[in-house]
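Q: This is the structure, below, for whatever I ask next.
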Amino acid sequence: MESQQEMAASLLKTSSMSLRTKLLHQTGLSLYNTSHGFHEEEVKKKLQQFPGGSIDLQKEDNGIGILTLNNPSKRNAFSGVMMLQLLEKVTELENWTEGKGLIVRGAKNTFSSGSDLNAVKALGTPEDGVALCMFMQNTLTRLMRLPLISVALVQGWALGGGAEVTTACDFRLMTRESEIRFVHKEMGIIPSWGGATRLADIIGSKQALKVLSGALKLDSKLALNLGMVDEVLQSSDETECLKEAQEWLNQFIKGPPEVIRALKKTVSSGKELCFQEALQTERDLVGTLWGGPANLEAIARRGKFCK
């Protein structure tokens with residue numbers, strides 16, 4: 001016999017779910033497939049030709065993951081191999097049931113300068129550009145939808161694709177001297193990893209136009225005023241910044257993983273789904289928690305205080 005929690009969880013997997021709902025709650029599903037002209041394995045083979053750097057993931061016992069963009073000789077620019085590794089790490093995080101929070105950062109006091117120009121030059125056709133666009137949109141959308149409360153820790157520059165990565169996190173923190181710059185227009189293109197869409201959602205369409213056109217430069221003070229970042233950190237030291245970011249994130253992830261993860265899923269649903277679908281998702285998630293261990297323990301604990 002299935003438990004009530006198992007039965008409620010199975011509701012999230014029924015065939016009556018819309019495609020958007022499935023994408024939001026079932027791990028490993030891509031935004032694009034062959035019907036969109038997207039051939040993932042072909043894209044992966046092309047990206048594999050451009051080595052350099054790595055994406056490092058450290059999973060702490062407190063439920064916080066630390067994802068590091070590590071290519072310091074090129075200011076943490078994304079090589080093709082790093083793009084592949086980012087998808088691998090996101091997939092690993094999707095399956096990390098003990099996880100509650102995530103910090104995305106760059107190595108050596110720099111966030112990321114975007115794409116490695118070697119790969120950009122080699123993948124020069126419109127078809128290559130669209131294929132890479134679909135690949136990175138998929139990866140960063142899955143990063144955004146992780147059932148982890150995420151924060152981008154911006155030190156130094158977050159340029160181009162690096163700026164786009166920051167928008168895939170729930171929150172952003174900056175050091176005083178850091179900058180977020182969407183330099184795509186200067187390269188004769190527009191954001192292609194979903195950054196423009198997410199930026200408009202974060203700061204509004206008017207301010208997004210100003211930022212994307214280059215009229216506004218996002219230093220830490222302006223970014224804070226626009227609501228692009230949530231706090232400017234006191235320290236500029238790499239180790240101290242990470243410690244500050246962990247302490248800042250801790251305020252949001254106190255409690256059992258299943259509760260924190262359900263909270264994040266509910267907010268993601270409210271943001272992306274139509275009202276009725278979001279309500280149904282909230283209902284189903286409640287069914288996985290109500291009467292569960294965390295709920296019963298909290299009720300028992302409060303009962304003691306009421307006596």
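The values are calculated or read from the model by the stated rules, or taken from the named source; none is laboratory data. These numbers come from a predicted model, not from an experiment. Note that we place each Cβ from the backbone using ideal geometry, even for glycine, and neighbour counts take in every protein chain shown. Please note that ligands, DNA and RNA were not included when accessible areas were found on the heavy atoms of the full protein model with its side chains. Shrake-Rupley method; radii C 1.70, N 1.55, O 1.52, S 1.80 Å.
Q: Debye sum, Cα scatterers, segment 153-307, no solvent: what log₁₀ I/I(0) at q = 0.09, 0.12, 0.18 1/Å?
A: Taking Cα atoms of segment 153-307 as identical point scatterers yields -0.42, -0.68, -1.08.
Q: Further question: Taking a label point 7 Å from the Cα of Cys274 along the Cα→Cβ vector, which residues of segment 20-42 have an amide N closer than 18 Å to it?
A: 20-25
Q: For segment 64-86, list residues with backbone N below 20 Å from a point placed 7 Å from the Cα of Asn118 toward its Cβ?
A: 69-86, by backbone N distance to the label point.
Q: Now for a different question. Residue-wise, which Karplus ³J(HN,Hα) couplings in Hz belong to segment 267-273, taking 6.51 cos²θ - 1.76 cosθ + 1.60, θ = phi - 60°, and x for glycine or proline?
A: Each residue's phi maps through the Karplus curve to give 5, 4, 5, x, 7, 10, 9 Hz.
Q: Next up: Once the piece of chain linking Asn62 and Asn225 is laid out straight, how much longer is it, given 0.36 nm per residue of separation minus the C-alpha distance between them?
A: Extra length available between Asn62 and Asn225 comes to 55.5 nm.
Q: Restricting to bridges with both residues inside the chain, how much of the DSSP beta-bridge set is antiparallel, in percent to the nearest 5?
A: DSSP beta bridges in the chain are roughly 30 percent antiparallel.
Q: Separate question: Taking the Cα centre of segment 162-225 as the origin, how large is its charge dipole in debye, to the nearest 20, when only Lys and Arg (+1) and Asp and Glu (-1) carry charge on their Cβ atoms? Don't skip to the answer; put the middle values down first.
A: Details: 9 positive and 7 negative charges, 40 e Å.
Dipole about the Cα centre, nearest 20: 200 debye.
Q: Of Lys100/Lys221; Lys46/Lys121; Lys108/Lys243, which sit over 21 Å apart, Cα to Cα?
A: Lys100/Lys221
Q: Which whole-Hz couplings ³J(HN,Hα) result when phi for each residue of segment 42-47 is put into the Karplus expression 6.51 cos²θ - 1.76 cosθ + 1.60, θ = phi - 60°, listed in order with x for Gly and Pro?
A: 5, 5, 4, 5, 5, 5
Q: Taking only protein heavy atoms and a 1.4 Å probe, what accessible area per residue, in Å², does the chain have with all protein chains in place?
A: 51 Å²
Q: Keeping all protein chains in place and using 1.4 angstrom, which order do Leu132, Leu218, Leu209 fall into by accessible surface area, from largest down?
A: Numbers: Leu132 30, Leu218 0, Leu209 125 Å².
Ranked from most to least accessible, the order is Leu209, Leu132, Leu218.
Q: Compute the separation of the alpha-carbon centres of segment 82-157 and segment 214-228 and state it in Å as a whole number.
A: Measuring centre to centre over Cα atoms gives 22 Å.
Q: Continuing with this model, one more query. Label points 7 Å out from Cα along the Cβ direction at Lys45 and Ser205: separation in nm?
A: Between Lys45 and Ser205, the simple spin-label model gives 4.1 nm.
Q: Going highest first, how would you order 137-146, 162-171 by mean Cβ packing within 10 Å?
A: 162-171, 137-146
Q: Something else: Under unit Cβ charges (Lys, Arg +1; Asp, Glu -1), what dipole magnitude, rounded to 20 debye, does segment 257-301 have relative to its Cα centre?
A: 140 debye
Q: In whole percent, how big is the carbon plus sulfur part of the accessible area of segment 21-174, probe 1.4 Å, protein atoms only?
A: Carbon-and-sulfur percentage of accessible area, whole number: 49.
Q: Can I ask one more? Return the long-range amide H neighbours of Val154 (sequence gap of 5 or more, or a different chain), with a cut-off of under 5 Å between placed amide H atoms.
A: For Val154, whose amide H was placed from the backbone, the distant partners under 5 Å are Leu173, Met174, Thr175.
Q: Please list, in order along segment 186-200, the HN-Hα scalar couplings obtained from phi with the Karplus expression 6.51 cos²θ - 1.76 cosθ + 1.60 (θ = phi - 60°), rounded to whole Hz, x for Gly and Pro.
A: Ordered by residue, 3J(HN,Hα) equals 5, 9, x, 9, 10, x, 10, 10, x, x, 5, 4, 6, 4, 4 Hz.
Q: Shifting gears a bit: In units of 2.2 N^0.38 Å, what is the alpha-carbon radius of gyration of the chain?
A: Values: Rg = 20.1 Å, N = 307, 2.2 N^0.38 = 19.4 Å.
Scaled against compact globular proteins, the figure is 1.04.
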